[in-house]
1. If the chain between residue 83 and residue 125 were fully stretched, how many nm would it gain, using 0.36 nm times the residue separation less the Cα-Cα distance?
2. Measure of size requested: the Rg and Dmax of segment 77-166, with Cα atoms as the atom set and Å as the unit; please supply both.
3. Under 13 Å from a point placed 7 Å out from the Cα of residue 139 along the Cα-to-Cβ direction: which residues of segment 63-79 have their backbone N that close?
C-alpha cells in the first residue's frame, strides 16, 4: 500500500492521481514506503499536545444596533471592572479578563462543574465604523454593556477657507 500524501492525511481523502503524488514525493525528498503505522507521526503529535494547557475561554456576547449606536453586552459576573481589558479600534472590539475561582470543596466532592474559571477573551469584528473617543463601557450586576457610537457617514459640514497673511 502506498504511503498517504500530506493532503490525504489532512483531509482523509483518497488520492485520484498516484503519479502526481510520486512526483511531489520525489521532488521534496520523501522517504520510500515504510512498514510503520500510516499515521504514527500524527499520533505522536497528538500525544505531545495532550499536555494540559491553561485554556482561555471565549466570552459569549450579544451585539445589536440602535439608530446611532452599536451595543455589545456580555455577562462578566465574578469579574471586577478593574480586571476587564477592553481595546477598541474603528472596526473591532477586544474584551479580555479573568474570573478567579473560589474553591470551597475538593475536586472529588463536586457533582457538577459547569462554571468557567480562568482567563477569557473575545474579539468582535464590528459591522460598521465607530467613533472610538465617544465609546462607553458600564458594568452593573455582572452585565457589561459597551455602547459604541456609529460614524455618521451622511453628516457633512461647511468648511471655511481662511486667508493667510503673507
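Just so it is clear, none of the values below were taken in a lab; they were calculated from the coordinates. Quantities reported herein were computed from a predicted structural model and do not represent experimental measurements. All Cβ positions, even for glycine, are placed from backbone atoms using ideal geometry, and neighbour counts span all protein chains on display.
1. 12.9 nm
2. Spelled out, the Cα radius of gyration and Dmax of segment 77-166 are 21.7, 84 Å.
3. The answer is 74-79.
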